[in-house]
Amino acid sequence: MAQCEVCGNDYYLSFEVITAGNRHVFDCFECAIHKLAPVCAHCGCKIIGHGIEAKETFFCCANCAKQSGVSGVVDHIWGREKETAENMADDKT
């Protein structure tokens, strides 16, 4: 058994996460997220999905990034997937 470094629970199903060469022990994903997930620079929420990194800063979504002055970011636009994909392809050429 290993003790969770966040809550201190000594749990037989604890697990290790190794990130950037550092070993961490947790008893649940909630504690792992609390300790390791980046925080949105605009709204302060924990980023547990992909999020957006711009100017060496993390944001939870394009809206937060835009409100912080980042341009050229978008979240998924429902119903316009083909158009969005074509625009991305055009941007690469």
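Give the calculated FRET efficiency between residue 22 and residue 57 to the nearest 0.05, with a Förster radius of 25 Å applied to their Cβ-Cβ distance. With R0 = 25 Å, the Cβ-Cβ based efficiency is 0.70. The GluC sites (Glu not before Pro) of the stretch 1-75 meeting both criteria, a DSSP state outside H, G, I, E and B (loop) and at most 14 other C-beta atoms within 10 angstrom of the site's C-beta, are 56.
Sorted from fewest to most neighbouring beta carbons within 10 Å, what does the list 19, 57 look like?
Numbers: 19 9, 57 14.
So the ranking, lowest neighbour count to highest, is 19, 57.
Bear in mind that the values in this text are calculations on the coordinates, not laboratory data. Given the structure is predicted, the values throughout are model-derived calculations rather than measurements. All Cβ positions, even for glycine, are placed from backbone atoms using ideal geometry, and neighbour counts span all protein chains on display.
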